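Below: the structure, in structure tokens.
The values are calculated or read from the model by the stated rules, or taken from the named source; none is laboratory data. These numbers were taken from a predicted model, which means no experiment stands behind them. Because the Cβ atoms are built from the backbone with ideal geometry, glycine has one as well, and the counts that use them run over all protein chains shown. Note: areas computed on protein heavy atoms with side chains; ligands, DNA, RNA excluded. Shrake-Rupley method; radii C 1.70, N 1.55, O 1.52, S 1.80 Å.
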Amino acid sequence: MHQSVSAASSRERYAKPLFLATIVTGSFLLFLTQPMVARMALPRLGGAPAVWNSAMLVYQALLLGGYAYAHWLSRLAPRTQAGLHLAMFAIAALWLPIGLAGAVPSAGTTPTFWVPWLLVASIGPLFFIISAQAPLMQRWYALETARGEPYALYAASNLGSFAGLISYPLFVEPLLTLEEQSRVWTGGFLLLVLLVAGCALTIPRRPREAAPEERSPAPARPRIALWIALAAVPSGLMLSTTTHLTTDIVAMPLLWALPLGLYLLSFAIAFANRRAAAVFITQVAPLVILIAGGLAFASGTQRPLFSATLGLSLLFFVAVTLHAEMYRLRPPADRLTGFYLAMSVGGVLGGAFCAIVAPTLFDWAYEHPLLILAAALLIPQRNYLAAVERVWADPAWRRRLSLWLPVIALLLSLVGDRRFHSDVPPMLAYAAIAAIGLMALFSLGRRWVFAACLAALMMSHGGWGTLKLSWHDVRTRSYFGIYTVASTPERDAVSLTHGTTLHGLQNSEPDRRLEPTSYYVRESGVGRAFTLAPRLFGPDARIGVVGLGTGTLACYARPGQDWRFFEIDPAVVSIARDSGYFTFLRECAPDADIILGDARLTLAGQRAGALDLLAVDAFSSDSVPMHLLTREAFGVYGRALQPRGILLVHISNRYLDLEPVVAAAARSGGWTAAMLRYQPGEEAEAGNATASVWVAMSRSSDSLDDMIFANSMVSIWETLEPRPGFAGWTDDYASILPLIEGWTE
């Protein structure tokens, strides 16, 4: 008897560290999977923000499935749970080693549905079974009543998730190839199986059955609905913040990881046993929403770091506050799995709203301000001005203020938005905005009035101007991004921007309308090469362009030439060819072929040697098309070009030095390469020329020399030198960390 008690005591001493290690390991693997599989899928899916949002939706749906499975399993006898769970691990192991299914999308495939299908087919069972760890291990831990409340383990699980997420771009991707990453992940999966088996051994054979009167009552439907809402808003806001930052502020590398990382950290704070941090954040969250949320429509391109910091702070404070409210409303441990199931349902709903509903309904990231308003309605509020409470306590004044404050604030917002009415004096606009802010502060503690005043504050900071662009149908949203067509009087031109990045413009003056502009002017690298096409390859030169944009390059076309554009987004084709805003295609190359689909796949489908000149200009906002700059991608380009063909690669970028990537690909692929950095003078800038960096490459050094030495241009082109120690990118290995400007300084 004494030995039995001693063994049980020893087992309990190690129970908490064992369960903690199991939960952290599972969460680490779970969130290591997300960026790793997205990286594996890059050559097939591209790097558009919507691809990440679709992937996140799949992950949330699989998480919901795992939580539902844990909820169902918890109803069975404890040892039966353990046996079935380990059996499910064995089935999921059939998908090892982790990797992508072999399916490849056809040109007409809709990515909205194909991307989720590919991810589910590739990692569904593995992600599903691991996602069940957090709720199921907590439930097993709580079977022994002496162990205490298990919710703190969920905070630890999210620290594990955060560690898995940040370890990928900082350590895993720079150090390991994809094949090595898969092997390491498989080893982690086998370790997790052993840990789960160890946890199963600690489950009591016959846990004490609670008497009916001791069981907690089932949560009411309104409480469950509130749990779902409290989970849905941070989940959606995490995705909308990613879209908002990359669309209207700055498309920086690795930026996608920050919202998800802060979202995971919010759980660690909200579910921690020590409540000081969560309480403080909850108290100041309404002020953060008022300050940062009021700028939801403001363009942050002039102060990108400040604007990005505000947006991320807003997400973090809202997520901590709403998750802390969930924790406050948590049920007893015997209802734990149902609680997490409701949380997961909310996560899926928030993700679906941003990944599926919003891109279908909205032409801009309107989901972002809508979710901020939803957060304003859900967060706990207290009135910061004690004197105001007496005014609200009077029923007559409460009715008047509840009606008139929102109306007055909305009217003032029309005055405050100078993007809507540019002739409003600045001081008058600032006074209107300040008045709206004071009204919102005055209404704190009255959720609906506060939300209405916050909406007016948003509108005063560019909301009306944003709606005006939507009303005039000059903006298009597709799976691959948000495109805005704008008239720029100071340039006397019409421009196309993708997110915050200029993708082309056309002069408005009739005699300059067909003159190449921006990155494509005649003095740029691509302009010089395309101008020489008849001399280099004859009058019937075959020319290909990856990335259509506004179709500017079409105006280098000459009679007899064969032109082909390779474009992934039908929305871009509609803007360049059918909208009427840009006429390059219609007037310069009306017979040019436009081939829809991912450029690597469609170029691979061309016959060998089909092109004489090929320009690669397929950037998504200012993000990196990593799968278009790998060694394998350059192999595709080389096959499409004839032996003396010339490849032009556009590597202008605000944040990354892409020269070493192309130089390494040239060296490994047997290319001769030269680079032209074009910086326009004042006169050229007045003609809407912009700075650009183009690399010219050919597997025939004679062909490249013919282009470089034409018209004595040798002094303009630079030799492309590889960076010592940098091996370049492949489909199996790539990291942007060594390329970030200032990273190695």
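Descriptive notes on the structure:
- In the range 547-648, counting only strands (runs of 3 or more DSSP E) that sit wholly within it, the ones holding 2 or more residues that are farther than 19 Å from Ala533 by Cβ and open to solvent by 10 Å² or more (accessible area, probe 1.4 Å) span 593-596.
- Counting only helices (runs of 4 or more DSSP H) that sit completely within the range 658-715, those holding 2 or more residues that are surrounded by 20 or more Cβ atoms within 10 Å (Cβ to Cβ) correspond to 659-669, 701-709.
- In the set (1) open to solvent by less than 30 Å² (accessible area, probe 1.4 Å); (2) over 19 Å from Val288 (Cα atoms), Leu469 fails one condition alone, (1).
- Considering residues of the range 389-407 that are closer than 16 Å to Leu438 by Cα and in contact with a helix residue (DSSP H, G or I) (Cβ under 6 Å, 6 or more places away or on another chain) only, the residue modelled with the lowest pLDDT: Val391
- Filtered residues of the range 264-283 (kept if surrounded by fewer than 14 Cβ atoms within 10 Å (Cβ to Cβ) and among the β-branched types (Val, Ile, Thr)): Val279
- Top-ranked residue of the range 412-426 - restricted to ones that are assigned to a helix (DSSP H, G or I) and crowded, with 19+ Cβ neighbours inside 10 Å, ranked as modelled with the lowest pLDDT: Gly416
- Any chance Ala296 is assigned to a helix (DSSP H, G or I), of a type outside the set (Ser, Thr, Tyr) and open to solvent by less than 10 Å² (accessible area, probe 1.4 Å): no
- Scanning the range 266-313 for residues that are among the aromatic types (Phe, Trp, Tyr) and modelled with pLDDT under 85 yields a single hit, Phe306.
- Within the range 503-546, considering residues that are part of a helix (DSSP H, G or I) and of a type in the set (Phe, Trp, Tyr), the one surrounded by the fewest Cβ atoms within 10 Å (Cβ to Cβ): Phe537
- Of the numbered criteria (1) modelled with pLDDT of 90 or more; (2) open to solvent by less than 60 Å² (accessible area, probe 1.4 Å); (3) not basic (Lys, Arg), the one Pro222 fails is (2).
- Residues in the range 90-115 that are modelled with pLDDT under 90, assigned to a helix (DSSP H, G or I) and open to solvent by less than 30 Å² (accessible area, probe 1.4 Å): Val115 alone.
- In the range 119-176, residue farthest from Ala68 (Cα to Cα) [restricted to those that are outside any helix (DSSP H, G or I) and open to solvent by 10 Å² or more (accessible area, probe 1.4 Å)]: Leu176
- Any hit, the range 14-36, residues being open to solvent by 30 Å² or more (accessible area, probe 1.4 Å), out of contact with any strand residue (DSSP E or B) (no Cβ under 8 Å at 6 or more places or on another chain) and either under 24 Å from Phe353 (Cβ atoms) or at pLDDT below 65 (or both): no
- For the range 436-454, filtering for residues that are open to solvent by 10 Å² or more (accessible area, probe 1.4 Å) and in a loop (DSSP other than H, G, I, E, B) leaves 2.
- Among the residues of the range 488-508, those identified as in contact (Cβ under 8 Å) with a residue 12 or more places away in the chain and over 23 Å from the mean Cα position of the chain (by Cα) are Thr488, Arg491, Asp492, Ala493, Val494, Gly504, Leu505, Gln506, Asn507, Ser508.
- Residue count for the range 177-198 under the criterion of being surrounded by 15 or more Cβ atoms within 10 Å (Cβ to Cβ) and either over 36 Å from the mean Cα position of the chain (by Cα) or not in a helix (DSSP H, G or I) (or both): the result is 1.
- Scoring Ala429 on the criteria (1) part of a helix (DSSP H, G or I); (2) among the small types (Gly, Ala, Ser); (3) open to solvent by 30 Å² or more (accessible area, probe 1.4 Å) leaves a single failure, condition (3).
- Residue in the range 486-498 that is out of contact with any helix residue (DSSP H, G or I) (no Cβ under 7 Å at 6 or more places or on another chain), at pLDDT 85 or above, surrounded by 16 or more Cβ atoms within 10 Å (Cβ to Cβ) and on the phi > 0 side of the Ramachandran plot present: no
- Scanning the range 624-650 for residues that are among the aliphatic types (A, V, I, L, M) and within 23 Å of Arg542 (Cα to Cα) returns Leu628, Leu629, Ala633, Val636, Ala640, Leu641, Ile646, Leu647, Leu648, Val649.
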